[in-house]
Structures are given as structure tokens and as C-alpha cells.
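As C-alpha cells, the structure follows; a few thoughts come after it.
Coordinate-derived values only; no laboratory data. A quick note: this is a predicted structure, and the numbers were derived from the prediction, not measured. All Cβ positions, even for glycine, are placed from backbone atoms using ideal geometry, and neighbour counts span all protein chains on display.
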């Protein structure tokens, strides 16, 4: 879909509450948003679907804030990043509360133990390798290597400085390469 078409559809949604126009945007961009969340959750399909749904709900309610200065996908991915950030912060808070109450299993541990990884051994190894990364590294790696964003777009989405994005990418790629090399994947 072209940028002008995205702006036109977003305007129709914002001004006329045209749900068909929003449906077109969802159909066009649901795969990249879901792919972003699958990478962040290391393959947890149910959680990825829930987070993607939250992303589109927020996009619908805030569509009047889309100005067209970046692509609709970049704007939508920024919302997805915020949804992911809020989710992880909530899980960390719940984990802290449960640790303070001396509860055995935290929600974060439960979420990580329920990953639904497809049968493909390469995909499984990739998700396992992604688990080795810090959240910021995984996000930057996902946005660049899987979703194809350049450093400037990643900086806009994550609201990090470009130098910080480059550092996360460098460290993340090094960790991924080392992990995969140690597990039988050669160059």
C-alpha cells in the first residue's frame, strides 16, 4: 500500500470513523505487527496475537494523531513497541510483587514456559538465540533483521538515539552469532 493511500485511509477513519478503511489498514499491516511480536515473545503465538490486537485497538483510537510524516507502518510499529514495553513493564512489576510475597512461579516465568515454538528446528534455535538477548537488543535486532527497518526508523520507533540503536544492534548480532556458532551453525 502506498503512503498516500495510507494517509487517505487513516483520514477516512479519523474523520468519518470508516471501519472499512481501518479494516484495509489492518489487513495490510497485521502480518508485520504480528511478526514483530512473535520475535519479541520468542514464538508465543497466543501472546503475540493478543498484543497485536491491543496495538490495532490503540491505533484505531489514536488514528487522528497519525500525521503522515513517516510511513503508517513505522507509526504502527511505534505503537506496537509501546504495547510491548508496557506489557514487559507490567510483567516485571507483577514479578516483583510476587517475589515480595514469596510466591513460587511468577507470571513472567509462566509466560516464558508456555512459548509455542513451531516444529522447525531453525526457527526454534532462532527463538532460543533471541532469548539470550536483552529486551532492547532483541527489539533492535527484530526491527532491523526481520522487519527491515533502517537505523533511523528504529530510532524513531524506539525513541532511542541512533548511536544507542547501533550499539544494541552490534551487541545483539555478536551474541546471536556466538550462540548460533556454538550450536552448530557455521557461516
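Helix 121-131 axis versus longest C-alpha principal axis of the chain: approximately 90°, rounded to the nearest ten.
Any idea what % of Cα-Cα pairs in the chain are farther than 21 Å?
55 percent
Using the Cβ-Cβ distance between residue 159 and residue 4 with R0 set to 25 Å, the FRET efficiency works out to roughly 0.40. Taking the helices alone, the chain has a mean residue ellipticity at 222 nm of -24000 deg cm²/dmol, built from -39,500 (n - 2.57) per DSSP H run of at least 4 residues and averaged over all its residues.
Using alpha carbon centroids, what distance separates region 1-37 and region 124-187, in Å? Here the answer is 28 Å between Cα centres. Highest average first, the peptides 152-161, 8-17 ordered by how many other beta carbon atoms sit within 10 Å of their residues are 152-161, 8-17.
Mind ranking 48-58, 176-186 by how tightly packed they are, going by the mean number of other C-beta atoms within 10 angstrom, highest first? Mind dumping the intermediate values first?
Details: 48-58: 18.3, 176-186: 12.5.
The most tightly packed comes first, giving 48-58, 176-186.
Compute the acute angle (0 to 90°) between the alpha-carbon long axis of helix 19-40 and the principal axis of greatest extent of the alpha-carbon atoms of the chain; round to the nearest 10°. Taking Cα atoms only, the helix is inclined about 20 degrees. Rounded to the nearest 10 degrees, the angle from helix 72-100 to the longest Cα principal axis of the chain is 40 degrees.
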